[in-house]
Amino acid sequence: MVGVQRAVLSTCFETSGRFTLAVVNSGVNTFGTGGFTGTTGATQASYFSAILTGDADVTGFYADNPMFSAVVEPADSAGSDFDLYFGMGDVTLAGTGNTYTPAHFGFKHERAASGTSTITATNGNASTETATDLETTITAGTTYKFTAIKTDTTNIKYYINKTLKATHTGSLPTAAEWKLFQITGNNVNVASATQLKCPFVSMSWDAI
C-alpha cells in the first residue's frame with residue numbers, strides 16, 4: 001500500500017451523535033472524554049451496540065484494503081457469561097449471542113459459565129465464518145491494541161499489541177457494507193453484567 005492515498009477515519013467516542021445505538025434489557029452505552037463504554041445489564045438477554053455508519057460513498061470499502069486499529073479494554077469488568085465484538089462490518093446482535101456469518105472482520109471476546117475467556121479473530125462473508133482462538137490471556141482493566149488488516153481478496157491479518165496472531169484466507173467479506181465499525185456485547189441470556197471500554201479507534205482504506 002506504499003504510495004497509495006488512504007482515506008482515514010478516527011474517533012475517540014466523545015459524542016454519541018455519529019453512532020447508531022441500541023440497548024436491550026438494562027444494557028448501557030456511554031460516551032465521554034474517556035471514550036466508549038458498553039455494559040450488559042444483570043438481566044437475561046441484555047445487550048448493547050454502537051455502530052459507526054457510512055454512506056453510499058464508502059459501502060465498497062471491503063475491496064479497498066481496509067484496516068482498523070482499536071484501543072480496547074475487553075471485559076473491563078467481566079461477568080460470568082458474555083459475547084463481545086469489535087471490528088469493521090456487521091454481526092447480528094441478540095441478547096442470547098451474536099451471529100458471526102454476516103460480512104465483517106474483527107475480534108470477539110467470549111466467556112461461558114465463569115470459565116476462561118477467549119479472544120478470537122473472526123471474519124464472515126455473509127454465509128460462513130472463519131475464526132481462530134488467539135490463545136491470549138486477557139487481564140480485566142488492561143488496555144490492548146487490536147489491529148486487523150485486509151489485503152484485497154488475499155487475506156486478513158490480526159494483531160494484538162503489534163504482534164501477528166492469525167492470518168485468515170477463508171470467508172473474506174466482499175459485499176457492500178455501510179457499517180464501518182461496530183462494538184457490541186451481550187450476556188448470552190445469562191443475568192450477568194459485563195463492561196467493555198474502547199477509548200479510540202482508527203480506520204482506513206484506499207481512497208483512489
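If Thr101 meets every condition in (1) of a type in the set (Val, Ile, Thr); (2) part of a strand (DSSP E or B); (3) touching an Asp or Glu at 6+ places or on another chain (Cβ under 8 Å) apart from one, which number is that one?
(2)
Within the bounds of the stretch 37-44, is there any residue that is among the hydrophobic types (A, V, I, L, M, F, W, C) and either modelled with pLDDT under 95 or over 18 Å from the mean Cα position of the chain (by Cα) (or both)?
Yes, some residue in the stretch 37-44 is among the hydrophobic types (A, V, I, L, M, F, W, C) and either modelled with pLDDT under 95 or over 18 Å from the mean Cα position of the chain (by Cα) (or both).
Report, by residue number, each residue of the stretch 45-93 that is among the polar types (S, T, N, Q), closer than 13 Å to Gly185 by Cα and not in a strand (DSSP E or B).
Matches in the stretch 45-93: Ser46 only.
So in the stretch 144-164, with the set limited to residues that are in a loop (DSSP other than H, G, I, E, B) and at pLDDT 95 or above, which one is surrounded by the fewest Cβ atoms within 10 Å (Cβ to Cβ)?
Ranking the qualifying residues of the stretch 144-164, first place goes to Lys162.
Kindly evaluate Val72 against the criterion of being over 15 Å from the mean Cα position of the chain (by Cα), at pLDDT 90 or above and of a type in the set (A, V, I, L, M).
For Val72, the condition - over 15 Å from the mean Cα position of the chain (by Cα), at pLDDT 90 or above and of a type in the set (A, V, I, L, M) - is not met.
Looking only at residues that are in contact with a Ser or Thr (Cβ under 6 Å, 6 or more places away or on another chain) and of a type in the set (Ser, Thr, Tyr) in the stretch 4-37, which one is surrounded by the fewest Cβ atoms within 10 Å (Cβ to Cβ)?
Looking at the filtered set, the residue picked out is Ser10.
Exactly one condition in (1) polar (S, T, N, Q); (2) touching a strand residue (DSSP E or B) at 6+ places or on another chain (Cβ under 9 Å); (3) touching a residue at least 12 places away in the same chain (Cβ under 8 Å) is false for Thr154; which is it?
So Thr154 meets the others, but not (2).
The values are calculated or read from the model by the stated rules, or taken from the named source; none is laboratory data. Since this is a predicted model, take the numbers as computed values, not measurements. Here the Cβ is made from the backbone with ideal geometry for all residues, glycine too, and neighbour counts use every protein chain on show.
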